[in-house]
Structure formats: structure tokens, C-alpha cells
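Some notes on the structure that comes next.
The values are calculated or read from the model by the stated rules, or taken from the named source; none is laboratory data. Please read all numbers here as calculations on a predicted model, not as lab measurements. Don't worry about glycine lacking a Cβ; one is built from the backbone with ideal geometry, like all the others, and counts go over all protein chains shown. To get the accessible areas, we keep the full protein, side chains included, count just its heavy atoms, and leave off ligands, DNA and RNA. Shrake-Rupley method; radii C 1.70, N 1.55, O 1.52, S 1.80 Å.
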Amino acid sequence: MAASVPPDALGRRILCGTEYATVRYVGTVPPTAGIWLGVEWDDPQRGKHNGTHEGTQYFKCRHPKGGSFIRPNKANFGVDFLTAVKDRYGLNDEDNAHPGKESTLFFGRTVEFVGMDSIIEQQSRLNQLVDISVRECAVSHAGQKEEIGRTCANIRRIDLSKNLISSWETVTDIASQVQNLEMLNISENKMKFPATSISVSSAFLKLRILALNQTEITWTEVLLCAPGWPALEELYITSNNITVLERPENVLQTLKLLDLSDNPLLDGNQLHQIAHLPSLEQLMLRNTGISSIHFPDAGVGCKTEMFPSLKHLEIKDNKISQWSSINELDKLPSLRSLQCRNNPLMHTEKNQETLRQLIIAKIGQLEVSRAGRSLAERKGAELDYRKIFGRDWIAAGGHWNPEKNKPSEEFLAAHPRYPSLCLQYGAPEEGELKGQQPLTLKNQLLTLTIKCPDKPEQKPLEKKLPDSMTIQRVKGLLFRLLKIPGSELKLSYESSKLEGKEVELDNDLKPLQFYSIENGDSVLVRW
């Protein structure tokens, strides 16, 4: 049994059946005879103990029952890269050929990899491969020196995910033989990374896209390796338990996309460490636990110097609960798109369309894509925002007369874009907002046109309704007025000022005035 154990077995990744593990001990386990491997399973439920047998600690596990002892003949220590490639593409044994083409998900893209039928027609089969996927092929080492370069000279993109690679050195050994390597996925390989500065290798000079998801890499280790990635544009490092970031110094300067999702950053201030990457255009922070975002270098209504090129931000599945974080995002000078679903803030309004409109109004540079209606939708959102919070503005010291306009700091902190909206559309006047003076019933009546867009035979009706009338009461009136049988009504309205903008009246308990409906607007009735 001893002869079947590689000399560098300690620390190596292995397969035992379909289960992955790391070798933590090689040696005897008295009173039994022969050599045993002490392994720590990736799945702790697979184990039996923490490396202790009959009172003796042979190795340690992170989980109290994550370890086992197995015989060496049960362990698969893997194969070299070229053996895996030949097996994967049926070039070792034509009886095991994979005909046609197969597809795999590679960095979020579907890539076709050539199978045996196509390859066999080519004069130099391995040399024609450009995209190679050896995912889950038990690759553990590079193989004979320079053999990859001699055999597969045209490789540009490699998927090495979920194999038995134990160290970054192995990755470098493979990549150094691929002269034009552009994309590399080594996710789901639990490996050791350099703990100190390393000599810069030429292996990754042309690498643009790198995926290191679920590799247990730390941010410090990323920065230690980064000098070897001078052309890197996309870096994926999700699910690595990264909690602390450090500022990159003279590295990652070409990075356009960074995915830090599923790492417990928790503190939004950690983002300040990466805020000065000059080329960063896309940042993914899904499920990182952050509850707030703040750019302290810029005051209310000003732009931050942080994230100067950031266009696309994803903060889904986090713990953001305050509008102040959305206000802060308006400080980003280049932000064009935002994904923020599944945050507590998103549950503060029943109507998701209302939330969307508020976010559009609060972040002035967001691009709105609604089938050619982007300008109209933005204008509508901003006008609604200006009106909805107009009473608060007046109560805080706002006034249509510039000489008397002195809104409080508290109001400006909560609504930093309000002054610019007033400059753009004019300050809301007290009469427009139905201010503090008593109003007669006549003045509170809205003249509305009732339309049934799905029933063209039903002619439009004009009705005068009080703006304090709830949606529920409006529905009751329409049931009687239109003689509709007992079915559920769905109401929305169209603004007379913004043609084509339709807003759903989705809360039965809210009055018409809640939705900023005005004289001349149309109520659309569907059932």
C-alpha cells in the first residue's frame, strides 16, 4: 500500500468515489497494520471524527466530524492536464469518443466544445482546440514539462473548475505552457495560495478573465498574486469567506469587473478599500451582508471621487434598509444601472413600481430602459417625487420664493436631489400642493375620464371625484356605474401631462391624492 502513496500526498486533494477531500495525515494508525490516509472531507457529514483515534490526535479538522481514515487504494490522486483533455475529448480511446458538440457554462457564457466527430476530421486534433473544458476531470498536476505547449498550442480559454488542484503553483505550471491564455476558470478547487510576495510569472500576461470562486482565497492572497495579472479585466471571487479588503497598490488597475458576491463583508465601509480602482465599471456585491453604503468624501448634492468609472452595481440580497444608502449612490458620477432586489428597503412599499420610481428619482444618472419611454418615465418619476414630498419640503422651510427658500439640513439629507429637481422643473407652489389653507369641496374635486381599454364598446365617461376618495370606494362606484358583474377590478391611471405613462392604483386603502392624480387624468378600468 505504501507504494501507491505519492511522495507529496500530504495536503493533496483527492477523490474517494464521488466525494472530495484533502489529505491531512499519512502514516500508521496503531494497532492496525499498514499505511492510512487521514482525510478531511469537503462534506463534513461524510466524516466520523476530528482526526483523533483512541485518544491520539493524528490531524485536525475544522468540523468536529469532518475527518476519516481511508486506505490509499481508495484515494484517487488525479491525472495530469493532457490526460484529462484527451479523455474528455475522446482522443485516448475512440471507443469512448464524444460525438458532435457539447455545451458547458463558462464564466456565465455557454461555450461549445468540439467533440470527437469534428476533431477526428482535423489533421492536428489537439492543436485545433481553442476552448477546453476539463471540469470535474480529476486534474491534479500539469504533467511533463512543456508537453501542453507542444500539444495544444492554440488554447485560449480553459475551464479547470472542480478538479484536484492543490496549489496555485500547479495553476502556474499549466498556464505557463499556454502562450495566449485569455480566460481561466479554476473555481471549486480548494488550494493553497502564496502567503508572501512571489516572483512575477509570465504565465498570465494575456489573461483577461479569471474565476476563483470557492477556492478559499483571501483578499490578501489576491493582491499577492495580482502583479502577475497585468491585463486582467474580469475577476470572480465569490463564496470565499472574504471579510476584509485591502487597498490595491499598483495592481488590478485594468480591472473592469469584480464579483465579490457571497462573501460576508458585512461592513459597507470595506468598499472604500477598492473604491479607487480606476477602470472598475461593474461591481457585484450580492449577498455580502452589507447594511449601508456611504461615501464620506462628498457632501449632500456632490459627487464622490470614489469608483470614478463604476457604471453597473449589484447589491441584491443584502440588508440595506434605509433610503440614505440609495441617496449615497447618487454621488457616484458614472452609475448607470442598479440591481437592489431583496433588501429590507424593498419591502417598505407594497407597490414595487412605486419603489422603482423613487429610486429613479433619487439617482439622477440611472438609465431607464422601458421600450423607448426612458425620458418620459424619468420625467414622470421626478415630477411625482417633487410633488409627493412637496409638503415635507414646505414644512422644512422650503418656499417657491428663492429668497425665502431655506429647507432644513435634515430635509436635504433625506432628499438631496430635491433642490436640483426644483431648479429643473420649478419649485412646487403651495397651491399646487394643496397647502395648509382650508379647501372647499369644489376645489378638492378631480375631473377624471373613466376608460375601459379592454372594452372598446364602452364609451369613456367623465366623473368628478373627491381626491380624498379611497381606491376601494372608487371601485364600488365603478361597479355600479359600469354595471360590472362580481369580478375583481384592476385600476390604473394615465397622466394628462405624460402620455403613455400608466401607474397602477394597487392599494385599496389609499386615497386618489396619494397617487398624485390631477384634473384631466384618465382612470383605466380592467376586469
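Would you confirm whether any residue within region 477-489 is closer than 25 Å to Thr348 by Cα, modelled with pLDDT under 85 and surrounded by 15 or more Cβ atoms within 10 Å (Cβ to Cβ)?
yes
Kindly list, by first and then second residue, each pair from a residue in region 268-290 that is farther than 15 Å from Ile315 by Cα and open to solvent by less than 20 Å² (accessible area, probe 1.4 Å) to a residue that is among the aromatic types (Phe, Trp, Tyr) and at pLDDT 95 or above, limited to pairs with Cβ atoms under 6 Å and residues at least 6 apart or on different chains.
Taking only residues 6 or more apart or on different chains, the pairs are Ala275/Phe307.
Considering Glu40, Glu54, which residue is of a type in the set (Asp, Glu) and closer than 29 Å to Ile158 by Cβ? First the steps, then the outcome.
Working: Glu54 fails: closer than 29 Å to Ile158 by Cβ.
Answer to the selection: Glu40.
What are the residue pairs meeting all of these: first residue in region 14-27, first residue closer than 12 Å to Gly66 by Cβ, second residue of a type in the set (Val, Ile, Thr), Cβ atoms under 6 Å, and 6 or more apart or on different chains?
Ala21/Ile14; Ala21/Val39
Considering region 257-267 alone, what residues qualify as being surrounded by fewer than 17 Cβ atoms within 10 Å (Cβ to Cβ) and touching a residue at least 24 places away in the same chain (Cβ under 8 Å)? Steps first, please.
Step one: of region 257-267, the residues surrounded by fewer than 17 Cβ atoms within 10 Å (Cβ to Cβ) are 264, 266-267.
Those that are surrounded by fewer than 17 Cβ atoms within 10 Å (Cβ to Cβ) and touching a residue at least 24 places away in the same chain (Cβ under 8 Å): Pro264, Leu266.
Tell me, yes or no, whether region 445-464 has at least one residue that is surrounded by 13 or more Cβ atoms within 10 Å (Cβ to Cβ), at pLDDT 80 or above and touching a Cys at 6+ places or on another chain (Cβ under 7 Å).
Yes, there is a match, as at least one residue in region 445-464 is surrounded by 13 or more Cβ atoms within 10 Å (Cβ to Cβ), at pLDDT 80 or above and touching a Cys at 6+ places or on another chain (Cβ under 7 Å).
Examine region 318-335 for a residue that is more than 30 Å from Glu499 (Cβ to Cβ), among the hydrophobic types (A, V, I, L, M, F, W, C) and part of a loop (DSSP other than H, G, I, E, B), and state whether such a residue exists.
yes
State yes or no: is Arg13 basic (Lys, Arg), closer than 28 Å to Leu212 by Cβ, open to solvent by less than 40 Å² (accessible area, probe 1.4 Å) and modelled with pLDDT of 95 or more?
So Arg13 fits the description; yes.
Residues in region 212-253 that are part of a loop (DSSP other than H, G, I, E, B), aliphatic (A, V, I, L, M) and open to solvent by 30 Å² or more (accessible area, probe 1.4 Å): how many?
Qualifying residue count, region 212-253: 2.
Can you give me the ranges of the strands (runs of 3 or more DSSP E) entirely in region 466-527 with at least 2 residues that are in contact (Cβ under 8 Å) with a residue 60 or more places away in the chain?
It comes to 502-504, 522-526.
Only one of Arg24, Arg46, Arg62 is charged (D, E, K, R), within 13 Å of Lys190 (Cβ to Cβ), modelled with pLDDT under 95 and open to solvent by 50 Å² or more (accessible area, probe 1.4 Å). Can you tell me which?
Within the list Arg24, Arg46, Arg62, the selection yields Arg62.
Being in contact with a Gly (Cβ under 8 Å, 6 or more places away or on another chain) and assigned to a loop (DSSP other than H, G, I, E, B) is the filter; apply it to region 187-201 and report the residue that is least open to solvent (accessible area, probe 1.4 Å). Spell out the reasoning first.
Taking region 187-201 and keeping what is in contact with a Gly (Cβ under 8 Å, 6 or more places away or on another chain), we get 192, 198, 200-201.
Next, only the ones that are assigned to a loop (DSSP other than H, G, I, E, B) stay: 198, 200-201.
Numbers: Ile198: 71, Val200: 96, Ser201: 37 Å².
Taking the candidates together, the pick is Ser201.
Would you mind stating whether Leu205 is open to solvent by 30 Å² or more (accessible area, probe 1.4 Å) and in a helix (DSSP H, G or I)?
On the way: open to solvent by 30 Å² or more (accessible area, probe 1.4 Å): yes; in a helix (DSSP H, G or I): no.
Considered against the rule, which asks whether it is open to solvent by 30 Å² or more (accessible area, probe 1.4 Å) and in a helix (DSSP H, G or I), Leu205 comes out as no.
Considering only region 2-59, state which residues are on the phi > 0 side of the Ramachandran plot and not acidic (Asp, Glu).
Listed by number, the residues that qualify are Gly11, Gly17, Gly27, Gly34, Gly51, Gly55.
Closer than 18 Å to Phe81 by Cβ and hydroxyl-bearing (Ser, Thr, Tyr), is that true of Ser167?
Yes; evaluated as a whole, the condition is true for this residue.
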